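Report on one structure; see the data block that follows.
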Amino acid sequence: MDSALNGRLSGWKIVLSWLCGQRTDRNRVEQALSRGCLFITNPHSREDIAMPMIDVYAPTGTFDDKHALAQELAQAIMRWEKVPAIPFFLDNTAAFIHELDPDSLSTAGGSAGVRVNVTTNAGALDREQQLGLVKEFTALVAKAAGDPTLEERTWVALTEAVPGGWGIAGHSYTNEEIVQHVRELLGKA
């Protein structure tokens, strides 16, 4: 990015809206700025960039297309966290579908459900994002299972990793290091 653009963004973190497109080249950033498609927040706020991990546990045979569900969940959390659609996030936001023998899980009442564990960095989701994410994940799971009643038996657990609790490519990132790394990637785009 040129110095004028850098000057406008200095001291602030940038989170490109999912709606601004897949690429984050310099022209896209300029266009996004002019259209108001950037979310710019104070670096001292509780909102930080994250690489979420999603683990779905369900009885074997619950989902016909596990890969499609995993991809939909990963894309959904990127939208909720409002992270830029750059390879760093696209390649490190992941969902894993774990199939369990049907006799290996049960509620106290005897029915089976689905558990979704979502790990983000501390403070990545505000209350509105938490509510929206849980609602969307629950709907995606039920849709992928072809069973609307599964919404009543889907549990979504949100967990926050401590700063430094994200390891990617052999490095344990703090929230600040992730933000700085993304700034550098956007500057090279």
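Identify, from the list Thr107, Thr119, Thr138, the residue that is of a type in the set (S, T, N, Q) and in contact with a helix residue (DSSP H, G or I) (Cβ under 7 Å, 6 or more places away or on another chain). Give the derivation first.
On the way: Thr107 fails: in contact with a helix residue (DSSP H, G or I) (Cβ under 7 Å, 6 or more places away or on another chain); Thr119 fails: in contact with a helix residue (DSSP H, G or I) (Cβ under 7 Å, 6 or more places away or on another chain).
Result: Thr138 is the single residue among Thr107, Thr119, Thr138 that is of a type in the set (S, T, N, Q) and in contact with a helix residue (DSSP H, G or I) (Cβ under 7 Å, 6 or more places away or on another chain).
Each residue in segment 56-80 was checked for being surrounded by 17 or more Cβ atoms within 10 Å (Cβ to Cβ) and not in a helix (DSSP H, G or I), and 6 of them qualify.
Could you look through segment 179-189, keep only residues that are farther than 20 Å from Gly123 by Cα and free of Cβ contacts under 8 Å to residues at least 60 places away in the same chain, and pick out the one that is least open to solvent (accessible area, probe 1.4 Å)? Before you say what the answer is, go through the steps one by one.
So the first thing to find is which residues in segment 179-189 are farther than 20 Å from Gly123 by Cα, and the list is 184-189.
Checking the rest, the ones that are also free of Cβ contacts under 8 Å to residues at least 60 places away in the same chain come to 184, 188.
Working: Glu184: 89, Lys188: 168 Å².
Selected residue: Glu184.
Of all the criteria given as (1) more than 13 Å from Ile54 (Cβ to Cβ); (2) at pLDDT 90 or above, the one not satisfied by Thr119 is (1). Among the residues of segment 122-138, those that are open to solvent by 40 Å² or more (accessible area, probe 1.4 Å) and over 23 Å from Pro59 (Cβ atoms) comprise Asp126, Arg127, Glu128, Gln130, Leu131. Only one of Val156, Val134, Val83, Val182 is assigned to a strand (DSSP E or B) and within 16 Å of the chain's Cα centre (by Cα). Can you tell me which? Every option except Val156 fails the conditions. The residues on offer are Thr159, Thr119, Thr174, Thr107, and the sole one that is open to solvent by 30 Å² or more (accessible area, probe 1.4 Å) and either over 24 Å from Pro84 (Cα atoms) or basic (Lys, Arg) (or both) is Thr107.
Does Val141 meet the test of being open to solvent by less than 20 Å² (accessible area, probe 1.4 Å) and part of a helix (DSSP H, G or I)? Don't jump to the end; show me each part of the working.
On the way: open to solvent by less than 20 Å² (accessible area, probe 1.4 Å): yes; part of a helix (DSSP H, G or I): yes.
In short, yes.
One line per residue, one yes/no per condition, for (1) within 24 Å of His67 (Cα to Cα); (2) without any contact (Cβ under 8 Å) to a residue 12 or more places away in the chain:
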{"site": "Ser106", "(1), (2)": "no, yes"}
{"site": "Gly113", "(1), (2)": "yes, no"}
{"site": "Gly165", "(1), (2)": "no, no"}
{"site": "Ala169", "(1), (2)": "yes, yes"}
{"site": "Glu177", "(1), (2)": "no, yes"}
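Per this entry, Ala112 is not counted among residues that are surrounded by 14 or more Cβ atoms within 10 Å (Cβ to Cβ), in contact with a helix residue (DSSP H, G or I) (Cβ under 7 Å, 6 or more places away or on another chain) and either assigned to a helix (DSSP H, G or I) or among the hydroxyl-bearing types (Ser, Thr, Tyr) (or both).
For every residue, the table says whether it meets (1) in contact with a strand residue (DSSP E or B) (Cβ under 8 Å, 6 or more places away or on another chain); (2) touching a residue at least 40 places away in the same chain (Cβ under 8 Å).
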position: Leu69; (1), (2): yes, yes
position: Trp80; (1), (2): no, yes
position: Ala85; (1), (2): yes, yes
position: Leu90; (1), (2): no, no
position: Gly110; (1), (2): no, no
position: Asn117; (1), (2): yes, yes
position: Ala122; (1), (2): yes, yes
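The values are calculated or read from the model by the stated rules, or taken from the named source; none is laboratory data. Not measured: the values here are computed from a predicted model. For neighbour counting, all protein chains shown are included, and Cβ atoms are generated from backbone atoms with ideal geometry for every residue, glycine included. Surface areas here come from the heavy atoms of the whole protein model, side chains and all, with no ligands, DNA or RNA. Shrake-Rupley method; radii C 1.70, N 1.55, O 1.52, S 1.80 Å.
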